[in-house]
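First comes the structure, then the notes that go with it.
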Amino acid sequence: MKDLIENDEIVLDTSGTECPIPVLKARRLASELTKDIIVKVIATDPLAEADFEHYCEQSKFEYLNCIKDNGKIIIRFKFKKI
């Protein structure tokens with residue numbers, strides 16, 4: 001897995017991609033995870049916040065927060081293995 005682990009979070013950088021790519025990358029990552037973990041997605045797509053709220057609701061993941069900083073959208077959600 002190429003994704004960075006930082007502060008006990010998996011960091012998935014989807015900068016420069018547009019809907020639906022960030023969610024598709026997160027879905028692929030989630031399919032590879034084997035334990036409960038927080039995923040931090042870095043995005044630049046202005047629709048990412050709404051897309052991830054919907055994705056988490058549909059996937060039964062816990063949407064934690066969204067921070068917008070200098071053109072970056074940083075979304076955190078908690079993946080829970082069922």
Checklist entry - surrounded by 13 or more Cβ atoms within 10 Å (Cβ to Cβ), under 18 Å from K80 (Cα atoms) and not small (G, A, S) - does that describe any residue in the range 14-21? => result no
Next on the checklist: Among the residues of the range 1-11, what is the count of those that are at pLDDT 90 or above and either open to solvent by 70 Å² or more (accessible area, probe 1.4 Å) or within 15 Å of I67 (Cβ to Cβ) (or both)?
Outcome noted: 2
Checklist entry - Any residue in the range 21-38 that is farther than 19 Å from N7 by Cα and touching a strand residue (DSSP E or B) at 6+ places or on another chain (Cβ under 7 Å)? => result yes
Checklist entry - Could you count how many residues in the range 31-60 are part of a loop (DSSP other than H, G, I, E, B), modelled with pLDDT of 95 or more and either among the charged types (D, E, K, R) or crowded, with 17+ Cβ neighbours inside 10 Å (or both)? => result 1
Checklist entry - For the range 62-78, which residues satisfy the criterion of being in a strand (DSSP E or B) and of a type in the set (S, T, N, Q)? => result N65
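Do you know which of the residues in the range 61-82 that are open to solvent by 30 Å² or more (accessible area, probe 1.4 Å) and aliphatic (A, V, I, L, M) is farthest from P20 (Cα to Cα)? Explain how you work it out, then say what you get.
Filtering the range 61-82 for residues open to solvent by 30 Å² or more (accessible area, probe 1.4 Å) gives 61-72, 74, 76, 78, 80-82.
Those left that are additionally aliphatic (A, V, I, L, M): 64, 67, 74, 82.
Values: L64: 20, I67: 20, I74: 16, I82: 24 Å.
Within the range 61-82, the match that is farthest from P20 (Cα to Cα) is I82.
The values are calculated or read from the model by the stated rules, or taken from the named source; none is laboratory data. Nothing here was measured: the structure is a model prediction, and the numbers come from that model. Because the Cβ atoms are built from the backbone with ideal geometry, glycine has one as well, and the counts that use them run over all protein chains shown. Accessible surface is based on the protein model in full, side chains and every heavy atom, while ligands, DNA and RNA are left aside. Shrake-Rupley method; radii C 1.70, N 1.55, O 1.52, S 1.80 Å.
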